[in-house]
Amino acid sequence: MCLEKFEEVRGGVGVLTARDVVERARATAARQAPRCAVLTCSDSRVAPELLTLSNLGEMFVVRVAGNVVDDLVLHSLKFAVENLGVRKIYVMGHKRCGAVAAALEGRAPPPIARQIKEAAARAGSASPEAVEIENVKITCEKLKGLGAEVVGYYYDLDAVELRRIC
């Protein structure tokens with residue numbers, strides 16, 4: 001129940017105080033035991049911890065432009081599963097993704113562009129939103145063998161809504 005908390009927060013439920021953060025920092029100083037892992041974009045408008053009012057130690061977050069999977073991302077999440085006991089991985093793509101726009105315009109670095117171009121081909125559309133959603137699906141597929149449940153979400157920046165994709 002990591003990203004699922006979003007609806008509660010959006011509905012006005014939940015408060016996280018500075019005191020909560022300080023207490024949690026002390027409680028988790030010696031050891032982390034996150035409830036989930038989240039792979040999301042590096043976009044400054046997309047912060048799963050803030051969107052869900054999660055405290056320190058609740059989420060193992062991996063951020064990379066375009067929420068694409070490479071070896072470092074894969075092994076970071078594998079570490080979370082094998083060493084931290086994470087049993088659920090969330091993939092969180094979003095609307096107006098700069099990495100998707102850059103890849104579609106031929107301006108993204110090759111490691112990012114490869115997966116996004118694959119998403120564009122599979123989506124069969126030049127619509128950025130269709131590509132962003134297909135990219136979440138591809139990312140979920142690439143993470144399936146890690147030994148954790150993988151769930152994909154799409155965050156609509158305009159509507160401030162989180163929608164399950166896969």
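So, T52, is that one modelled with pLDDT of 95 or more, under 15 Å from the mean Cα position of the chain (by Cα) and not aliphatic (A, V, I, L, M) or not?
Numbers: modelled with pLDDT of 95 or more: no; under 15 Å from the mean Cα position of the chain (by Cα): yes; not aliphatic (A, V, I, L, M): yes.
Against the criterion (modelled with pLDDT of 95 or more, under 15 Å from the mean Cα position of the chain (by Cα) and not aliphatic (A, V, I, L, M)), T52 does not qualify.
Identify, by number, the condition in (1) surrounded by 15 or more Cβ atoms within 10 Å (Cβ to Cβ); (2) small (G, A, S); (3) within 29 Å of N83 (Cα to Cα) that G145 doesn't meet.
Status for G145: all satisfied but (1).
Would you be able to say whether some residue in the range 117-127 is crowded, with 17+ Cβ neighbours inside 10 Å and of a type in the set (S, T, N, Q)?
no
Restricting the search to the range 15-34, which residues are farther than 10 Å from G57 by Cβ and either in a loop (DSSP other than H, G, I, E, B) or modelled with pLDDT under 80 (or both)? Reasoning before the result, please.
Applying the first criterion (farther than 10 Å from G57 by Cβ) to the range 15-34 yields 15-23, 26, 30.
Passing the criteria: V15, L16, T17, A18, R19, D20, V21, V22, A30.
As an exercise: evaluate R107 against (1) crowded, with 20+ Cβ neighbours inside 10 Å; (2) over 20 Å from A37 (Cβ atoms) and give the number of the one condition it does not meet.
(1)
Do any residues in the range 60-89 that are of a type outside the set (S, T, N, Q) have Cβ atoms under 8 Å from those of residues that are assigned to a strand (DSSP E or B) and surrounded by fewer than 16 Cβ atoms within 10 Å (Cβ to Cβ), where the two are at least six apart or on different chains, and which pairs are they?
R87/E149; K88/E149; I89/E149
Output the number of the condition that L72 fails; it satisfies all remaining conditions of (1) hydrophobic (A, V, I, L, M, F, W, C); (2) at pLDDT below 95; (3) surrounded by fewer than 19 Cβ atoms within 10 Å (Cβ to Cβ).
For L72, the exception is condition (2).
The values are calculated or read from the model by the stated rules, or taken from the named source; none is laboratory data. This is a predicted model, so every value here is computed, not measured. All Cβ positions, glycine included, derive from the backbone under ideal geometry; neighbour counts span all protein chains shown.
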